[in-house]
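Here the structure comes first, spelled out in structure tokens, and everything after it is commentary.
The values are calculated or read from the model by the stated rules, or taken from the named source; none is laboratory data. Quick caveat: nothing in here was measured; it's all calculated off a predicted structure. Backbone-built Cβ (ideal geometry, glycine too); neighbour counts: all protein chains shown. Accessible surface areas use protein heavy atoms only, side chains included; no ligands, DNA or RNA. Shrake-Rupley method; radii C 1.70, N 1.55, O 1.52, S 1.80 Å.
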Amino acid sequence: MASVAAALLSLGALAAPVMAADAVTGQIVYEATPAVFDYVTDPVTGETTTIVVTPPVYQPVLATVVAYGPGQGGAPAKQVASVPTDPNGTFSIAGLTQNVYLQVLPVSSDWQPGWLWVEYMSDDPLFASYLQRSAPPVFDVTPSMDLGKIQLQTALANGRVVDLVTGQPIAGATVRYDPVEGGRKAFSTTTDATGMYTFAGLDYEEYSIRVSARKYIGGYLGAENLLYASFGEAATWPGGPLPGDVIKMARR
């Protein structure tokens, strides 16, 4: 762990831009390895304390960070700066004279875009902050602020469709993701020869999942009943089954 952190720091020292004292800075990352926790219960008080056994490991993500300032006379927010991250996911926006919104636009469609909302930023140096789905109500990113690590959520969903009894893959099955909230983009694809499917570019949405295949009983898998249709950790947010989940289909 220490060697990974040291390597990232050394890379940052080589490739990161010079950070001005009045600049808004940060690093865009994803969680490559989750944290490991332990829970200790006091036998007298019954109070449980959470201990971080191993902190998470983060890896950088390339993105563009866009700053928006208040418009004049009640006009909509206007873009005042746009900077790319360096190879370590680090960015620096200098020369700001007012508070701003910050929007993160990942280069790869594997990651979801979003806004930075300081009210919900992590103050724990071991952990990264998350992007928010919608823009904050106030311009709260202040010049001279270091935002630390900002974690992106995956915009990918993939899984495997198999026969309920035999476990054999079902090729050519249609998998459709329909946003629970109306007016959003739906996604549809078919499984390959191994029963696998993949979606990219999913946003911060909850999806119901419809699966259909010839000679099989099809139907919708929603957040409430997804556990009965797949194994592993089942969820429809963000983007449906988590990577690697398996959907089992029964024959007619």
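Looking at 198, 166, just one residue is surrounded by fewer than 17 Cβ atoms within 10 Å (Cβ to Cβ), assigned to a strand (DSSP E or B) and without any contact (Cβ under 8 Å) to a residue 60 or more places away in the chain, and that residue is 198. Taken over the stretch 143-163, the residue count meeting the criterion of being more than 12 Å from residue 247 (Cα to Cα) and in a strand (DSSP E or B) is 8. In the condition set (1) in contact (Cβ under 8 Å) with a residue 60 or more places away in the chain; (2) more than 24 Å from residue 81 (Cα to Cα); (3) of a type in the set (Asp, Glu), residue 146 is compliant with all but (2). The numbered conditions (1) modelled with pLDDT of 95 or more; (2) surrounded by fewer than 10 Cβ atoms within 10 Å (Cβ to Cβ) are all true for residue 47 except (1). Among the residues of the stretch 4-44, those that are modelled with pLDDT under 80, under 27 Å from residue 106 (Cβ atoms) and among the small types (Gly, Ala, Ser) comprise 5, 6, 7, 10, 12, 13, 15, 16, 20. Residues that are over 14 Å from residue 247 (Cβ atoms) and open to solvent by less than 80 Å² (accessible area, probe 1.4 Å) within the stretch 182-191 comprise 182, 186, 187, 188, listed in sequence order. The residue that is nearest to residue 102 (Cα to Cα), among those in the stretch 132-161 that are of a type in the set (A, V, I, L, M) and open to solvent by less than 10 Å² (accessible area, probe 1.4 Å), is 141. In the stretch 77-103, of all residues being assigned to a strand (DSSP E or B) and of a type in the set (S, T, N, Q), the one that is nearest to residue 115 (Cα to Cα) corresponds to 103.
Identify all residues within the stretch 182-195 that are within 23 Å of the chain's Cα centre (by Cα) and either charged (D, E, K, R) or assigned to a loop (DSSP other than H, G, I, E, B) (or both); write none if there are none.
Going through the stretch 182-195, the residues within 23 Å of the chain's Cα centre (by Cα) turn out to be 182-189.
Answer for the stretch 182-195, where residues must be within 23 Å of the chain's Cα centre (by Cα) and either charged (D, E, K, R) or assigned to a loop (DSSP other than H, G, I, E, B) (or both): 182, 183, 184, 185, 186.
Selection of the stretch 98-127 for residues being modelled with pLDDT of 95 or more, within 14 Å of the chain's Cα centre (by Cα), within 20 Å of residue 23 (Cβ to Cβ) and open to solvent by less than 30 Å² (accessible area, probe 1.4 Å) yields only 104.
Considering only residues in the stretch 61-97 that are among the polar types (S, T, N, Q) and at pLDDT 90 or above, the one that is farthest from residue 130 (Cα to Cα) turns out to be 79.
Of everything in the stretch 28-44 that is within 28 Å of residue 62 (Cα to Cα) and assigned to a loop (DSSP other than H, G, I, E, B), the residue that is least open to solvent (accessible area, probe 1.4 Å) is 35. Residue 220 fulfils the conditions (1) open to solvent by 60 Å² or more (accessible area, probe 1.4 Å); (2) of a type in the set (Phe, Trp, Tyr); (3) within 19 Å of the chain's Cα centre (by Cα) except for a single criterion, (3).
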